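Visitor: Here it is: the structure, laid out below.
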Amino acid sequence: MTGSDDEPLLCADGLSTHYTTADGVLDRLLGRGETVRAVDGVDLRLHAGETVGLVGESGCGKTTLGRTLVGLLEPAAGSVTYRGTDLTACSRAELRELRSEIQYVFQDPLSSLNPQLTVAEIVGEALDVHDVVPPARRDERVRELLETVGLRAGHATRYPHEFSGGQRQRIGIARALAVEPEVLICDEPVSALDVSVQAGMLNLLADLQDRFGLSYLLITHDLSVVEHLADRVAVMYLGRFVETGPTAEVFDDPSHPYTEALLSAIPEPDPRWDGDRIVLEGPPPSPTDIPLGCPFHTRCPRVLPPAPFDLDGDEFRAVLSLRTRLAEADADAGPAALFPHADERETSPAAIRDVYDIPRQLSDSDADDVLATALEAAADGNLETARTRLVSTFETPCETTEPALTPGPASHPIACHRFDDRFTDDTDATRSGTQSTDE
Ligand code: SF4
């Protein structure tokens with residue numbers, strides 16, 4: 001992602017992290033199991049004193065990216081550099097030294113704190129490992145750190161279970177601060193907390209940044225947290241960034257359809273957001289089977305219609321949903337497989353149109369002729385014929401060509417063909433769907 005001109009503290013270049021679903025060593029050796037491409041070719045820049053928000057649905061790869069940056073996971077490809085040093089090429093000793101500069105604050109404060117240790121031992125352990133203070137100063141430093149995060153010095157002798165969720169999160173932050181890092185990677189820092197204590201935690205993070213000049217990578221599914229704290233935001237979908245830029249700019253002019261959908265779901269809508277809630281169809285595809293082309297095309301409300309037809313975006317989205325269902329359905333299952341309820345009695349072409357919100361007549365008559373023959377085949381139980389007919393006729397560039405991150409209308413990078421002249425000769429026209437915030 002593009003940042004300011006000064007040298008970044010932390011960089012990722014072409015960073016990928018993959019897993020296998022294989023269970024045991026033998027399965028892995030035999031190449032069984034599928035590859036999960038949790039992070040796929042990500043570039044990231046984090047500057048001194050800056051906060052970058054990393055957002056996306058659960059499972060989009062944000063936690064995996066954070067853990068790879070801090071060295072908890074091995075990258076499959078790419079590099080991580082801290083102040084110009086490639087962490088992926090360091091010796092163990094060098095890494096140990098450098099990694100104290102990048103600390104991770106875990107999402108679940110209770111499971112990340114050893115229940116057998118007192119707070120003084122938990123925070124003091126970090127001081128000992130990195131020789132931060134002489135042993136004689138250790139207890140005093142622990143008390144200072146607890147007070148820094150809004151706890152009392154007297155809390156040092158207690159155990160994690162004696163604290164509330166918010167207090168435990170503060171202990172986790174004190175432990176991270178013990179080694180005097182420059183970068184904190186905060187994974188969902190408030191999602192496990194009561195709403196009543198979330199604001200206090202966000203204010204603490206802001207205060208600590210002011211006092212110590214910390215840089216934050218803020219991993220969250222909550223865009224209101226990002227709006228509160230982050231200078232820049234990176235929106236992640238299936239392991240890739242789809243839109244990155246200054247937070248105010250992205251929130252003012254969310255250009256990627258996925259960002260629009262995320263923003264529309266903020267519980268108390270941003271006053272600048274004047275669109276309706278955008279509900280995406282179904283869950284994201286599996287990261288073991290990422291769709292070709294634009295990974296978002298199976299759910300995108302603004303997917304580009306094929307060039308030969310003069311189709312409305314909503315019409316094409318509906319046809320594409322039918323096509324996706326035809327691809328997933330068992331070819332021998334008959335037309336009932338296209339209906340949400342197994343006991344559906346009427347399986348006529350008109351009934352299929354109704355279920356998929358396809359108008360009784362598409363605005364382009366040539367397109368409607370093709371659709372009508374496909375629907376007749378589907379209603380007769382020839383699902384494979386119907387699918388082939390729709391695939392060969394209604395192919396969108398969104399499913400054949402992967403979009404690169406390139407500057408969009410507000411100049412920040414977006415991975416979407418709607419802003420690529422090769423695929424649309426009238427960008428504004430492609431943006432005039434029902435959920436537009438652009439007019
Ligand atoms: S490239 Fe196509 S499918 Fe992907 S976000 Fe843009 S319009 Fe939607």
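Visitor: Rounded to the nearest 5, what % of DSSP beta bridges with both residues in the chain are antiparallel?
Guide: Among the beta bridges of the chain, antiparallel pairing accounts for roughly 55 percent.
Visitor: How are the Cα pair distances of region 158-242 distributed, in percent, across 5 Å bins from 0?
Guide: Pair shares across the bins are 3, 12, 24, 24, 18, 12, 5, 1, 0.
Visitor: Still on this structure, I have one more. Over region 206-301, what is the relative contact order in whole percent, taking alpha-carbon pairs under 8 Å and six or more residues apart?
Guide: 20
Visitor: To continue, here is another question. Any chance you could give the angle, 0 to 90 degrees and rounded to 10, that helix 138-148 forms with the longest Cα principal axis of the chain?
Guide: Between the helix axis and the principal axis of the chain, the angle is about 50 degrees.
Visitor: Can you give me the long-range amide H partners of Leu54? Hydrogens built in the peptide plane at 1.01 Å from N, cutoff under 5 Å, separation of 5 or more residues or another chain.
Guide: Under 5 Å from the amide H of Leu54 lie the amide H atoms of Leu218, Ile219, Thr220, Ala234, each far enough along the sequence or on another chain.
Visitor: What percent does the relative contact order of the chain come to when contacts are Cα pairs within less than 8 Å and at least six residues apart?
Guide: 15
Visitor: For region 347-390 and region 134-208, what is the separation of their Cα centres, given in Å?
Guide: What the calculation gives is 59 Å, centre to centre.
Visitor: For the Cα atoms of the chain, what angle does the longest principal axis make with the long axis of helix 165-177, in degrees from 0 to 90, nearest 10?
Guide: 70
Visitor: Past the 17 angstrom mark, what percentage of all C-alpha to C-alpha distances in region 186-231 do you count?
Guide: So the pairs more than 17 Å apart make up 24 percent of the total in region 186-231.
Visitor: Could you give the accessible area per residue of the chain, probe 1.4 Å, as a whole number in Å²?
Guide: Value for the chain: 46 Å² per residue.
Visitor: Right, another one. Considering only the other residues whose Cβ falls under 10 Å of the Cβ of Cys398, what net charge follows from Lys and Arg at +1 and Asp and Glu at -1?
Guide: Net charge in that neighbourhood comes out at -1.
Visitor: Given 0.36 nm per residue, what is the gain on full extension from Leu117 to Glu402 after removing their alpha carbon distance, in nm?
Guide: 97.6 nm
Visitor: Helix 119-129 sits at what angle to the longest principal axis of the chain, using alpha carbons and giving 0 to 90 degrees rounded to 10?
Guide: 90
Visitor: Among residues other than Thr88 whose Cβ falls under 11 Å from its Cβ, what is the net charge (Lys/Arg +1, Asp/Glu -1)?
Guide: Summing Lys and Arg as +1 and Asp and Glu as -1 gives -3.
Visitor: Can you compute 3J(HN,Hα) from phi for each residue in region 231-240, using the Karplus curve 6.51 cos²θ - 1.76 cosθ + 1.60 with θ = phi - 60°, rounded to whole Hz and x for Gly and Pro?
Guide: Per-residue couplings from phi come out as 7, 10, 9, 10, 9, 10, 9, 6, x, 10 Hz.
Visitor: Now for a different question. What is the dipole size for region 1-118, taken about its Cα centre, with +1 at each Lys and Arg Cβ and -1 at each Asp and Glu Cβ, in debye to the nearest 20?
Guide: 360
Visitor: Carbon and sulfur atoms: what percent of the 1.4 Å accessible area of region 94-230 do they account for?
Guide: 46
Visitor: What number comes out for the charge environment of Asp314, summing +1 per Lys or Arg and -1 per Asp or Glu over other residues with Cβ under 10 Å away?
Guide: After counting each charged neighbour, the total is -1.
The values are calculated or read from the model by the stated rules, or taken from the named source; none is laboratory data. Values in this document were obtained by computation on a predicted structure and should not be read as measured data. Glycine gets a Cβ as well: all are built from the backbone with ideal geometry, and neighbour counts include every protein chain shown. For accessibility, only protein heavy atoms count, side chains too; no ligands or nucleic acids. Shrake-Rupley method; radii C 1.70, N 1.55, O 1.52, S 1.80 Å.
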